[in-house]
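Peer 1: First the structure, which I've put down as structure tokens, then a few questions once you've had a look.
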Amino acid sequence: MAQRARSWRRTAAAVTAAGMITAGATAPGAAAAEEPRIDLKVLVVDNGDSTVKAVTAQLRSTGIPYTTVDLGDSGRPTITAAFLSDTVSGRPRARFQGVVLPNEAPFGAGSAEQTALETYERTYGIPQVDAYTWAHPGVGLDYTSEGGWAGALDGREASVTAAGKAGPFGYLDGAFRFEDNATAVQESYGYAARPRTGFTSYVDIPVPGGTGRASLVGEYAHDGRRELVVTFAYNNTQQQFRLLARGIVEWLTQGVHLGQTRNSFAVHVDDVFAPDARWDSTRNCTPGDIDCAGGDGADPTPIRMTADDAAHAAQWQREHGFTMDLVFNAGSGEEWKTEHGGTDALATRLLADKAQYRWVNHTYTHPFLGCVQDTTSVPWSCAKNADGSTKYMSRAEIAAQIRDNHNWAVGKGLPIDRTELVTGEHSGLKTLPQQPNDNPNLAGALADTGVKWIASDNSREPAQRTVGNALTVPRHPMNVYYNVGTAAEMADEYNWIYTSRADGGSGVCEDNPTSACLDQPLDVPTGYAEHIVPQEARTALGHVLAGDPRPHYAHQSNLAEDRLLYPVMERVLADYRALFADSTPLENPRQNAIGTELQRGAAWQSALANNRVTAYRIGKTVTVTAPSGTQIPVTAPEGTKKQLLLGTSAFGTPYAGARSAWTTPAALQSALTLKLP
């Protein structure tokens, strides 16, 4: 049992040799002692099920190359020995390091394609993932009628077994719960069954209504082959899959693969030093907004942090081991100080604690940096020049807003990176429907001020793109509104947006095909804590578990008054730390690091899509070639070394029980070469 639990960690050479010896065969046309070449690519046989789509999505987001065979395509290639393997320079080559199937035998037991695939796996020691199947002896399990169980898993607690912790799921702390987000909807179904000889359970649950425990995920070693058997249904967004996805991929690739993924969480707090307007629960709008009728537009009670709020923020960070990014408007703070007797206790407190935060330029006074807004009608439109062209804020004005804010920060000794920028409302970038293009003066102003990373709104533009010489960094908006300071205000505005007209809401949720209305309005005093916090924390944690590095953003108003942002962040941090082992810490990168990660990832995906990457292992040696200058992501076991022209150096940094890095070939080398332990 222990030996099987450790088997996934063997080096490529050991696993390949083991596969050959077990089968009593060698690669076609090869001498028994010759090591085959194993290409670092995965074969995915896709029948359209959500389970296969989920594993495929994990391969793609990690950066692992794969080939898909679509069972629904009449023109698909036939799975034959020639499709799976060949020879290169006289050396036998396995084209795929792992195989993902919708179930244990999608081509039919005993069929020519199934036989070819099984022979290939046996010959080269290639693992197979059965993305979803039922419990039966053919996959090493008893039938569920023999002491097992089948049914809805919603809300049930599963555990990683000792073998799972010693093997591919060692990055998890142990227990996790299946999601149960809608009591009226069955979200996950599974077969929990008792293992037979040759089966090692990695994830199990107590048998409902019975005794003992039964497997949901495990390894079935038989007939010289290894299968990872998953007996519950899932999709790519469900938390239970997201938790196990890393381990499924590590098992499939035997811990050696292209690509890497790390979990990170960053929170930008916009409008620091500036006040934010407050939601009016009577008029159901925000005074100061041009569409808020029934008043003079003035907001008598704006929301702004106090010195006590600032002291609490610093203390909270220390207690939770987490750093927020303060996205600041110095000019707005100076205006506030002038209007309030020439002093500002908030600024004094934040500056005293300046080293405890990361600081990001948000422009000096938060103006709209796009077209000049004509607010004489609702919605607003872009003002026009005499010749009918769009009137834009000038390059000089944009640059002054960026430069003045940066110079103020330097004068105060703030730890700021001039290459990072968040514009007010992400303005300057295209704003649909009124401004379908970027302000043509924006790119020049960014160049003038040294900006390389400009924030964008992920809900509008999820892909990174260029703005002159700069790149966007998409940010996830948090559903904790900028214009609320109390939980009651938050629940009231949430009700207005997410309830039907019949229930007294705006009906926006009825008109938006991507939205859904609440079954009934939230209780205003308790709705934030009981409904919004867990929902928003679950959404943010979902981004984290998907390996999405994009930052989240809220506003300084959410650190004031009822301090609404903290319960969401605390829930994300607590849930993460309860789920993951210490070897898999939650990383907390700043904007330029996130932008660099997105940039590298896009370049890597482009290289894969254009078939410009070659990667393989022969015994204990991994070789990768890619376009010159391309950063190559690799994950490998502890003890892996990078081959230099003379000698070796340690490869990568530790994460989740492995080592990983973005890297390039060493000096005077055309290929990246790694030596496995």
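Peer 1: Show the residue pairs meeting these rules: Cβ distance below 6 Å; 6+ apart or different chains; first residue within the range 644-671 and not assigned by TED's automatic domain parsing to the domain that holds THR62; second residue surrounded by 14 or more Cβ atoms within 10 Å (Cβ to Cβ) and among the aromatic types (Phe, Trp, Tyr).
Peer 2: So the pair list comes out as ALA656/TYR171; GLY657/TYR171; ARG659/PHE651.
Peer 1: Still on this structure: Regarding VAL568, is this residue more than 30 Å from LEU258 (Cβ to Cβ), assigned to a helix (DSSP H, G or I) and either touching a strand residue (DSSP E or B) at 6+ places or on another chain (Cβ under 8 Å) or outside the structural domain of GLU157 (by TED's automatic domain parsing) (or both)? Show your work before the answer.
Peer 2: Working: more than 30 Å from LEU258 (Cβ to Cβ): yes; assigned to a helix (DSSP H, G or I): yes; either touching a strand residue (DSSP E or B) at 6+ places or on another chain (Cβ under 8 Å) or outside the structural domain of GLU157 (by TED's automatic domain parsing) (or both): yes.
Judged against the criteria, VAL568 is a match.
Peer 1: Just give me the residues in the range 442-460 being in contact with a Lys or Arg (Cβ under 8 Å, 6 or more places away or on another chain) and not in a helix (DSSP H, G or I), in sequence order.
Peer 2: GLY450, VAL451, ALA455, SER456, ASP457, ASN458
Peer 1: From the list GLN631, GLN643, GLN599, exactly one residue is more than 25 Å from the chain's Cα centre (by Cα) and on the phi < 0 side of the Ramachandran plot. Which is it? Before you say what the answer is, go through the steps one by one.
Peer 2: Working: GLN631 fails: more than 25 Å from the chain's Cα centre (by Cα); GLN599 fails: more than 25 Å from the chain's Cα centre (by Cα).
The conditions single out GLN643.
Peer 1: Within the range 608-633, take every residue that is buried (at least 18 other Cβ atoms within 10 Å of the Cβ) and of a type in the set (A, V, I, L, M) and give me the one that is nearest to VAL256 (Cα to Cα).
Peer 2: Top of the filtered list is VAL622.
Residues checked against (1) touching a strand residue (DSSP E or B) at 6+ places or on another chain (Cβ under 8 Å); (2) farther than 20 Å from TYR482 by Cα; (3) of a type in the set (A, V, I, L, M, F, W, C); (4) not in a strand (DSSP E or B):
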position: ARG242; (1), (2), (3), (4): no, yes, no, yes
position: ARG246; (1), (2), (3), (4): no, yes, no, yes
position: ARG262; (1), (2), (3), (4): yes, yes, no, yes
position: ARG283; (1), (2), (3), (4): no, no, no, yes
position: HIS312; (1), (2), (3), (4): no, no, no, yes
position: TRP316; (1), (2), (3), (4): no, yes, yes, yes
position: VAL327; (1), (2), (3), (4): yes, no, yes, no
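Peer 1: Quick check on the range 634-651. Is at least one of its residues β-branched (Val, Ile, Thr), part of a strand (DSSP E or B) and surrounded by fewer than 16 Cβ atoms within 10 Å (Cβ to Cβ)? Lay out the reasoning, then the answer.
Peer 2: Taking the range 634-651 and keeping what is β-branched (Val, Ile, Thr), we get 634-635, 640, 648.
In the following step, the residues that additionally are part of a strand (DSSP E or B) were identified as 634-635, 648.
Next, only the ones that are surrounded by fewer than 16 Cβ atoms within 10 Å (Cβ to Cβ) stay: 648.
Within the range 634-651 (the criterion being β-branched (Val, Ile, Thr), part of a strand (DSSP E or B) and surrounded by fewer than 16 Cβ atoms within 10 Å (Cβ to Cβ)), the answer is yes, since at least one residue qualifies.
Peer 1: Moving on to the next point. Do we have any residue at all in the range 481-488 that's in a helix (DSSP H, G or I), modelled with pLDDT of 95 or more, under 30 Å from ASN284 (Cβ atoms) and not β-branched (Val, Ile, Thr)?
Peer 2: Initial filter on the range 481-488 (in a helix (DSSP H, G or I)): 487-488.
Imposing the further condition that a residue be modelled with pLDDT of 95 or more reduces the set to 487-488.
Narrowing further to those that are under 30 Å from ASN284 (Cβ atoms): 487-488.
Okay, now just the ones that are also not β-branched (Val, Ile, Thr), so 487-488.
Within the range 481-488, one or more residues are in a helix (DSSP H, G or I), modelled with pLDDT of 95 or more, under 30 Å from ASN284 (Cβ atoms) and not β-branched (Val, Ile, Thr).
Peer 1: Continuing with this model, one more query. Scan the range 516-555 residue by residue and report those that are of a type outside the set (Asp, Glu), assigned to a helix (DSSP H, G or I) and either in contact with a Ser or Thr (Cβ under 6 Å, 6 or more places away or on another chain) or surrounded by 19 or more Cβ atoms within 10 Å (Cβ to Cβ) (or both). First the steps, then the outcome.
Peer 2: Restricting attention to the range 516-555, the residues satisfying the condition of being of a type outside the set (Asp, Glu) are 516-518, 520-522, 524-529, 531-535, 537-547, 549-555.
If we keep only those that are assigned to a helix (DSSP H, G or I) too, we end up with 527-529, 531-535, 537-545.
GLY527, TYR528, ILE532, VAL533, ALA537, ALA540, LEU541, HIS543, VAL544, LEU545 - these are the residues of the range 516-555 that are of a type outside the set (Asp, Glu), assigned to a helix (DSSP H, G or I) and either in contact with a Ser or Thr (Cβ under 6 Å, 6 or more places away or on another chain) or surrounded by 19 or more Cβ atoms within 10 Å (Cβ to Cβ) (or both).
Peer 1: Shifting gears a bit: Test of understanding: among GLY341, GLY331, which residue is among the small types (Gly, Ala, Ser), surrounded by fewer than 22 Cβ atoms within 10 Å (Cβ to Cβ), at positive phi and over 34 Å from the mean Cα position of the chain (by Cα)?
Peer 2: GLY341
Peer 1: Something else about it: Could you give every pair whose Cβ atoms fall below 7 Å, whose first residue belongs to the range 103-123 and is closer than 17 Å to TYR220 by Cβ and of a type in the set (A, V, I, L, M), and whose second residue is in a loop (DSSP other than H, G, I, E, B) and at pLDDT 95 or above, counting only separations of at least 6 or pairs across chains?
Peer 2: Listed by first residue and then by second, the contacts come to LEU117/ILE79.
Peer 1: Something else: Can you name the residue in the range 374-423 that is buried (at least 19 other Cβ atoms within 10 Å of the Cβ) and among the polar types (S, T, N, Q) and, of all such residues, is nearest to ILE594 (Cα to Cα)?
Peer 2: Ranking the qualifying residues of the range 374-423, first place goes to THR423.
Peer 1: If you don't mind, there's one more thing I want to ask. With (1) over 30 Å from GLY424 (Cα atoms); (2) surrounded by 24 or more Cβ atoms within 10 Å (Cβ to Cβ) as the list, and ASP271 as the residue in question, which single condition is left unmet?
Peer 2: Evaluating ASP271 over (1) over 30 Å from GLY424 (Cα atoms); (2) surrounded by 24 or more Cβ atoms within 10 Å (Cβ to Cβ) leaves (1) as the failure.
Peer 1: Report every pair of residues separated by at least 6 positions or lying on different chains whose Cβ atoms are under 6 Å apart, first residue within the range 231-248 and over 8 Å from GLN58 (Cβ atoms) and free of Cβ contacts under 8 Å to residues at least 60 places away in the same chain, second among the polar types (S, T, N, Q) and in a helix (DSSP H, G or I).
Peer 2: Close Cβ pairs satisfying both conditions: none exist.
Peer 1: Could you tell me whether any residue of the range 486-500 is among the acidic types (Asp, Glu), free of Cβ contacts under 8 Å to residues at least 24 places away in the same chain and in contact with a Lys or Arg (Cβ under 9 Å, 6 or more places away or on another chain)? Lay out the reasoning, then the answer.
Peer 2: In the first step, residues of the range 486-500 are kept if they are among the acidic types (Asp, Glu); the result is 489, 492-493.
Restricting the remaining residues to those that are free of Cβ contacts under 8 Å to residues at least 24 places away in the same chain gives none.
No: zero hits.
Peer 1: Can you name the residue in the range 30-53 that is polar (S, T, N, Q) and in a helix (DSSP H, G or I) and is also nearest to ALA661 (Cα to Cα) among such residues?
Peer 2: As a first pass, look at the range 30-53 and keep what is polar (S, T, N, Q): 47, 50-51.
Still in the running and in a helix (DSSP H, G or I): 50-51.
Details: SER50: 30, THR51: 28 Å.
Out of the qualifying residues, it is THR51.
Peer 1: In the range 54-75, what residues are part of a helix (DSSP H, G or I), buried (at least 17 other Cβ atoms within 10 Å of the Cβ) and of a type outside the set (Gly, Ala, Ser)?
Peer 2: VAL55, THR56, GLN58, LEU59, THR62
Peer 1: Tally the residues that are crowded, with 20+ Cβ neighbours inside 10 Å and in a strand (DSSP E or B), restricting the search to the range 656-677.
Peer 2: Residues meeting the conditions: 5.
Peer 1: Consider ALA603 carefully, then state whether it is crowded, with 21+ Cβ neighbours inside 10 Å, in the same structural domain as PRO654 (by TED's automatic domain parsing) and either of a type outside the set (Lys, Arg) or in a strand (DSSP E or B) (or both).
Peer 2: Numbers: crowded, with 21+ Cβ neighbours inside 10 Å: no; in the same structural domain as PRO654 (by TED's automatic domain parsing): yes; either of a type outside the set (Lys, Arg) or in a strand (DSSP E or B) (or both): yes.
No, not satisfied.
Peer 1: What strands (runs of 3 or more DSSP E), lying completely within the range 76-164, carry at least 2 residues that are of a type in the set (A, V, I, L, M) and assigned by TED's automatic domain parsing to the domain that holds ALA221? Break it down into steps so the answer makes sense when it comes.
Peer 2: Numbers: elements: 85-88, 91-94, 98-101, 128-130, 149-152, 157-160.
The qualifying strands (runs of 3 or more DSSP E) are 98-101, 149-152, 157-160.
Peer 1: Taking the condition of being in contact (Cβ under 8 Å) with a residue 60 or more places away in the chain and in a helix (DSSP H, G or I), how many residues in the range 578-600 meet it?
Peer 2: 9
Peer 1: I'd like the full set of residues that are farther than 19 Å from ASP270 by Cβ and small (Gly, Ala, Ser), limited to the range 535-592.
Peer 2: ALA537, GLY542, ALA546, GLY547, ALA574, ALA578, ALA581, SER583
Peer 1: Check ASP575 against each of (1) free of Cβ contacts under 8 Å to residues at least 60 places away in the same chain; (2) over 17 Å from ASN263 (Cβ atoms); (3) not β-branched (Val, Ile, Thr) and name the one condition it does not meet.
Peer 2: ASP575 satisfies all of (1) free of Cβ contacts under 8 Å to residues at least 60 places away in the same chain; (2) over 17 Å from ASN263 (Cβ atoms); (3) not β-branched (Val, Ile, Thr) except (2).
Peer 1: Looking at ASN479, ASN558, which one is surrounded by fewer than 18 Cβ atoms within 10 Å (Cβ to Cβ) and within 30 Å of ALA593 (Cβ to Cβ)? Give the derivation first.
Peer 2: On the way: ASN558 fails: surrounded by fewer than 18 Cβ atoms within 10 Å (Cβ to Cβ).
Criteria check complete, one pass: ASN479.
Peer 1: Do we find a residue being in contact (Cβ under 8 Å) with a residue 24 or more places away in the chain, within 16 Å of PHE96 (Cα to Cα) and among the β-branched types (Val, Ile, Thr) anywhere in the range 138-145? Give the steps one after another, and end with the answer.
Peer 2: Of the range 138-145, the ones in contact (Cβ under 8 Å) with a residue 24 or more places away in the chain are 138-144.
If we keep only those that are within 16 Å of PHE96 (Cα to Cα) too, we end up with none.
Scanning the range 138-145, I find no residue that is in contact (Cβ under 8 Å) with a residue 24 or more places away in the chain, within 16 Å of PHE96 (Cα to Cα) and among the β-branched types (Val, Ile, Thr), so the answer is no.
Peer 1: Still on this structure, please answer the following. Give me the pairs: first residue in the range 380-393 and in contact (Cβ under 8 Å) with a residue 12 or more places away in the chain, second residue hydroxyl-bearing (Ser, Thr, Tyr), beta-carbon distance under 8 Å, and six or more apart or on different chains, which are they?
Peer 2: As it stands, the answer is CYS382/THR390; ALA383/THR390, since those pairs meet every condition given.
The values are calculated or read from the model by the stated rules, or taken from the named source; none is laboratory data. All values reported here derive from a predicted model rather than from experimental measurement. All Cβ positions, even for glycine, are placed from backbone atoms using ideal geometry, and neighbour counts span all protein chains on display.
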